[in-house]
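Chemist: Please find one structure pasted underneath; my questions will follow.
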Amino acid sequence: LGADDLLASDHARVTDPRRLRHLREVHRAAVGDEMTLGIEGGLIGRGRLERLDAEVAEFSLRLERQPPAPLDVHLLLALPRPRMLARSLEHVTALGVKHITLLHTRRVEKSYWQSPELKEEKIHQHLVLGLEQARDTIMPTVTQETLFKPFVEDRLPGLMAPESAVKPRGIIAHPGMPQECPRAVSEPVILAIGPEGGFVDYEVEQFMKAGFEGVHLGERILRVETAVTALLARLG
Ligand code: SAM
């Protein structure tokens, strides 16, 4: 449910047409049904559907638990082809990353940036699928950087030197790097993953100059969505 749907700690009311349609058509919900409900950014509880019509759904609610803690990871993902983007967003949201930056790099096809999959509403749908899968409610933020150059020069240094005391660890995944991807990292991580053709040398240099460590995931070259899942599973 959206954060605004929670009217009191024991009562929620849904009026968003998309959520109502989802309840009726996907869940085939009926009055009296009990279901697990997640409140975006908040708690998870058991709800009983008390009313359902074309305009509104009302639940009585018993809040039960906090969502699982997110991984303290800011993912810099070179924009994958649209079909792979949808699945990658779903997987990384289910694994619990905090922030996602979709980044242009030399080997990202320019046409990918025109994809309808990048519309805010579409991205939101993929994130919601990931959250529902993981029984989570904390939505990652997603930003789009359509140019590599001002991003690495202007914003990346700021991400690497935040105002908070804990400096994040920058990690760039690139086949053939001498170091293996670390396991169970406790500090915040900024993780860069390349496009289907990989990062070009100049891009690797820019990340290294910003203080990133280059890491590999073994001899197998993995598709973006597999690599991102494997990396997050190791870091988490
Ligand atoms: N031919 C490209 C290359 O050699 O860089 C392969 C790119 S791979 C399909 C897409 C991205 O997934 C890479 O840029 C990297 O970030 C990540 N990746 C895939 N397999 C990897 C591995 N074995 N080690 C490190 N990163 C990997």
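The values are calculated or read from the model by the stated rules, or taken from the named source; none is laboratory data. Since the structure is predicted, the reported quantities are computational estimates derived from the model, not experimental observations. No Cβ is skipped: glycine too gets one built from the backbone with ideal geometry, and neighbour counts run over all protein chains shown. When the accessible area is computed, the model is the full protein with side chains, heavy atoms only, and any ligands, DNA or RNA have been set aside. Shrake-Rupley method; radii C 1.70, N 1.55, O 1.52, S 1.80 Å.
Chemist: With the condition being of a type in the set (Asp, Glu), I'd like the strands (runs of 3 or more DSSP E) fully within the range 1-41 carrying at least 1 qualifying residues.
Modeler: 34-38
Chemist: Given the criterion among the polar types (S, T, N, Q), surrounded by 12 or more Cβ atoms within 10 Å (Cβ to Cβ) and free of Cβ contacts under 8 Å to residues at least 40 places away in the same chain, identify the matching residue among Gln114, Gln125.
Modeler: Just a single option satisfies the conditions, and that option is Gln125.
Conditions tested, residue by residue: (1) open to solvent by less than 60 Å² (accessible area, probe 1.4 Å); (2) within 9 Å of the ligand (Cβ to nearest atom); (3) not acidic (Asp, Glu).
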| residue | (1), (2), (3) |
| --- | --- |
| Met177 | yes, yes, yes |
| Pro182 | yes, no, yes |
| Val185 | yes, no, yes |
| Ala192 | yes, yes, yes |
| Gly211 | yes, no, yes |
| Thr226 | no, yes, yes |
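Chemist: Shifting gears a bit: Being assigned to a loop (DSSP other than H, G, I, E, B) and farther than 23 Å from Ala94 by Cα is true for just one of Glu55, Glu50. Which residue is that?
Modeler: Exactly one of Glu55, Glu50 is assigned to a loop (DSSP other than H, G, I, E, B) and farther than 23 Å from Ala94 by Cα, namely Glu55.
Chemist: Against the condition more than 23 Å from Pro68 (Cβ to Cβ), surrounded by 12 or more Cβ atoms within 10 Å (Cβ to Cβ) and more than 26 Å from the chain's Cα centre (by Cα), how does Asp16 come out, does it pass?
Modeler: Considered against the rule, which asks whether it is more than 23 Å from Pro68 (Cβ to Cβ), surrounded by 12 or more Cβ atoms within 10 Å (Cβ to Cβ) and more than 26 Å from the chain's Cα centre (by Cα), Asp16 comes out as no.
Chemist: Is the range 156-173 home to any residue that is within 14 Å of the ligand (Cβ to nearest atom) and either of a type outside the set (A, V, I, L, M, F, W, C) or open to solvent by 50 Å² or more (accessible area, probe 1.4 Å) (or both)?
Modeler: For the range 156-173, residues within 14 Å of the ligand (Cβ to nearest atom) and either of a type outside the set (A, V, I, L, M, F, W, C) or open to solvent by 50 Å² or more (accessible area, probe 1.4 Å) (or both): present.
Chemist: Still on this structure: Working only within the range 199-209, note down all residues that are surrounded by fewer than 18 Cβ atoms within 10 Å (Cβ to Cβ) and not aromatic (Phe, Trp, Tyr).
Modeler: Val200, Asp201, Glu205, Met208, Lys209, listed by residue number.
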